Amino acid sequence: MKKLFFALILMTAFTLESFAQQSWKNDPAHSRLGFVVKHMTISEVSGRFTDFNVKVKATKKDLSDLKVEVTAKAASINTDIEARDHHLKSADFFDVEKYPEITFVSTAHKKVTDKNYKLMGNLTMHGVTRFVTLNVVYFGEAVNPTNQQKSFGFKITGTVNRANFGIGPKFPEAMISEKVKIVADVEFLKD
């Protein structure tokens with residue numbers, strides 16, 4: 001049992017070390033940056049940003065210098081309803097002509113349990129920057145048999161208040177919830 005436990009610790013340390021000493025980017029074919037918002041308090045509408053990039057860099061074995069940067073094109077918002085997407089791109093919401101990008105830059109992270117982390121940083125939308133904390137679950141790693149590249153999988157969740165970013169101020173909570181859930185599934189490949 002001790003040998004098995006020691007082997008698991010070595011495998012985890014090796015995995016984190018190999019992840020930490022390189023740069024990684026999201027695999028667009030296997031990554032999704034989404035959101036969920038309540039509509040009229042009775043249903044949820046989900047959507048996503050189809051054009052986004054995530055870059056991760058770290059050089060230290062303990063990941064203490066981990067940096068995560070996300071850039072999403074606001075005009076790539078997609079809720080599968082063209083009229084709604086057009087409205088979301090307008091000055092009523094994201095105002096994509098004036099604010100074309102949404103960014104997140106990490107400032108710190110903290111391990112909570114074996115595969116659960118907190119990722120803290122600055123989220124900028126609609127010209128407003130706010131500090132946010134996101135939940136991160138590390139799913140593990142695998143070698144993709146089609147290209148022989150090692151991939152690392154994560155789920156990132158959190159909640160932001162759209163009113164804090166000045167998004168949709170004409171629309172009350174009873175119409176569109178101010179709380180917006182962030183739901184992202186990301187696979188990383190070596191950059």
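Every listed requirement among (1) in contact with a Gly (Cβ under 7 Å, 6 or more places away or on another chain); (2) open to solvent by 60 Å² or more (accessible area, probe 1.4 Å) is met by residue 100 save one, (1). I need the full set of residues from segment 126-143 which are under 24 Å from residue 113 (Cα atoms) and either out of contact with any Gly (no Cβ under 8 Å at 6 or more places or on another chain) or not charged (D, E, K, R) (or both), in order please. Correct list: 131, 132, 133, 134, 135, 136, 137, 138, 139, 140, 142.
Return yes or no: is residue 37 open to solvent by less than 70 Å² (accessible area, probe 1.4 Å) and either β-branched (Val, Ile, Thr) or without any contact (Cβ under 8 Å) to a residue 40 or more places away in the chain (or both)? It is true that residue 37 is open to solvent by less than 70 Å² (accessible area, probe 1.4 Å) and either β-branched (Val, Ile, Thr) or without any contact (Cβ under 8 Å) to a residue 40 or more places away in the chain (or both). Residues in segment 20-71 that are aliphatic (A, V, I, L, M) and either touching a Gly at 6+ places or on another chain (Cβ under 6 Å) or not in a strand (DSSP E or B) (or both): 20, 29, 40, 42, 58, 63, 66. The set of residues in segment 77-88 that are open to solvent by 70 Å² or more (accessible area, probe 1.4 Å), in a loop (DSSP other than H, G, I, E, B) and not acidic (Asp, Glu) contains only 81. Counting only strands (runs of 3 or more DSSP E) that sit completely within segment 123-191, those holding 1 or more residues that are buried (at least 17 other Cβ atoms within 10 Å of the Cβ) and among the acidic types (Asp, Glu) correspond to 176-190.
Could you check segment 142-168 and list, in sequence order, the residues that are under 19 Å from residue 121 (Cβ atoms) and aliphatic (A, V, I, L, M)? 156, 160, 167, listed by residue number.
From the list 91, 74, 108, the one residue that fits, being over 16 Å from the mean Cα position of the chain (by Cα) and open to solvent by less than 80 Å² (accessible area, probe 1.4 Å), is 91.
The values are calculated or read from the model by the stated rules, or taken from the named source; none is laboratory data. Bear in mind the structure is a predicted one, so any value in this text is a computation, not a measurement. Please note: Cβ atoms are built from the backbone with ideal geometry, for glycine as well, and neighbour counts cover all protein chains shown. Heavy atoms of the whole protein, side chains included, go into the accessibility calculation; ligands, DNA and RNA do not. Shrake-Rupley method; radii C 1.70, N 1.55, O 1.52, S 1.80 Å.
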